[in-house]
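Taking it in order: structure first as structure tokens, then the write-up.
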Amino acid sequence: INARCLSSEPGGHDVRAGALRSGLHLCVFAYSGDGGCASGLNCAFLCKSYVRTLACRESKMLAAVIVVSFAPSRHAAVDCAQQGVPFLCQRGAPISMAARSTAKRKAKLSVRGSSGGGFGLTGQQDERFAALVKEGRALRKSASDPHAWLQWAGSAAQAEEYAEARQILEAGVRQCGDVPFLISALGQMRRTPPTPMVASESARVTWPGKGDEAPYEPKRFARHSVPEPPTCCPRGSVHPSGDGIICASLDAIIPPNECAWVVSEAERVAGEQWQSDHADASHIGTDLIWEKPFPDRLWLREVPGLLDWFEHRLRTRLFPMLQRLYPDIIHSPDELRCHDAFVVRYDAQGMAALELHQDTTSFSFTIALNPAADYEGGGTLFPAIRPADTDVPFAPAAIKTDVGGVCSFPGRLWHGGNAVESGYRYIIPLFIYLDYNKSRMPRGYLLKAARIVKTNEELLQFPF
């Protein structure tokens, strides 16, 4: 038995690792009950799931987790009961689980499964959770009705449980088939997979960087400000101001040799398609990529090996990078998802520029695939920016990074592609959205609470 009194998150990484490496089979976590650690998410859910996860990684058996409080807390007692974690109070009488009817009601709403847990909220939020669970359990009687799935997903989205909304929609598709309005509701969140032929060829491609699992090392960035932040983001105005919300790397995030490989493979597959579309002037400068394909944009899924390389670099470089740039908004790289991506080639004789527009994303950014010396002009154009922490007037400007560099910004900011005057400019634009619940509960918890699924294996497992 090993007791630890923690001042912040119960089961901090160093404590967890040390305890497990000592061969402990019973972990006791204590907290002062001062409010900082009194919530169910911190007290019971984090202790149980984090410790057991690490126990599995350490190949050790963990028999039990006990939470000890040095101050009476009914909420902590209820939350621990929901988690199945023994709760002891070291001051005053032990807290009775039957003391209040609300405790019983909350316990009935526990989420079952290894990553589940009580909602850990009270008042209006707890009532909203109860209503969402009730709606899901009622849906089991009409599981073949796609409208019921759409309505439940809408209720989750209205509560800003966006990760649950997607899980519910995908569960509805699995239950009811590819119903057009369910697919439409998923929209850009749903990736189109490569064809079987491309997937087969991809398995034989040895792409550069394969096997490189080195952790992301922070790079240098130049930040730029805008007069005010976008107010129509998918999750509302998550940026308190426009200060420093545009980030341009001064170093390569993606190794230049990998960028060169992407360009060569795109050119090999695209062939003359790059030129064929440019003959139609009505296509130049348009951005109708979600309505019809453009040859001057080559989807990564169309090039063998390119999607595998891309998902690897999302996980090892790009998502960790974005989380470090916006830590107050992105709490973990695991919260990030990427819409379909493609390679774009800007050409002074063809598609030289892209008009100002807004993306329907939480974040967007571009990866420069060739050296800036290869072309004149170009870059990501913003109508009014200035270097962060300066008082110079806001003015239109294009941000241009060198090969392997990125320029990131909130997707709802107005931006465009600055005209290329000579040469070719290759980029990959990325469209990122945040996949988490406002409650910070794990993805799929509503499906579990409604007893529609029982295990994590039954939930949709997302690619990066």
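The values are calculated or read from the model by the stated rules, or taken from the named source; none is laboratory data. Remember, it's a predicted structure, so these values are computed and weren't measured experimentally. Using ideal geometry, Cβ is built from the backbone for each residue, glycine included, and neighbour counts are taken over all protein chains shown. Remember, those area values only see protein heavy atoms, side chains included, never the ligands or the DNA or RNA. Shrake-Rupley method; radii C 1.70, N 1.55, O 1.52, S 1.80 Å.
Ranked by the mean number of other Cβ atoms within 10 Å of their residues, highest first, the peptides 412-418, 368-374 fall in the order 412-418, 368-374. Each residue, Q158 and D328, gets one label point 7 Å from its Cα in the Cβ direction; the gap between the two is 3.1 nm.
Considering only Cα atoms, the convex hull volume of segment 321-464 works out to 137 Å³ per residue.
Ignoring ligands, DNA and RNA, how do Y346, Y436 rank by accessible area with a 1.4 Å probe, largest first?
My answer, sorted largest first, is Y436, Y346.
Got a sec? Charge dipole of segment 333-435, +1 on Cβ for Lys and Arg, -1 for Asp and Glu; which of G377, Q349, I432 is way out at the positive end? Of G377, Q349, I432, it is Q349. K219 sits with roughly 80 Å² accessible to a 1.4 Å probe, with DNA, RNA and ligands left out of the calculation.
For segment 148-242, report the convex hull volume of the alpha-carbon atoms normalised per residue, in Å³, without decimals. Could you put the intermediate results ahead of the total?
Working: hull volume 19.0 nm³, N = 95.
Dividing the Cα hull volume of segment 148-242 by its residue count gives 200 Å³.
Quarter the surface of the alpha carbon convex hull of segment 316-359 and you get the mean projected area, 4.7 square nanometres. Shape index of segment 394-464: Rg/Rh, with Rg the Cα radius of gyration and Rh the Kirkwood radius from the inverse mean 1/r over Cα pairs, equals 1.20.
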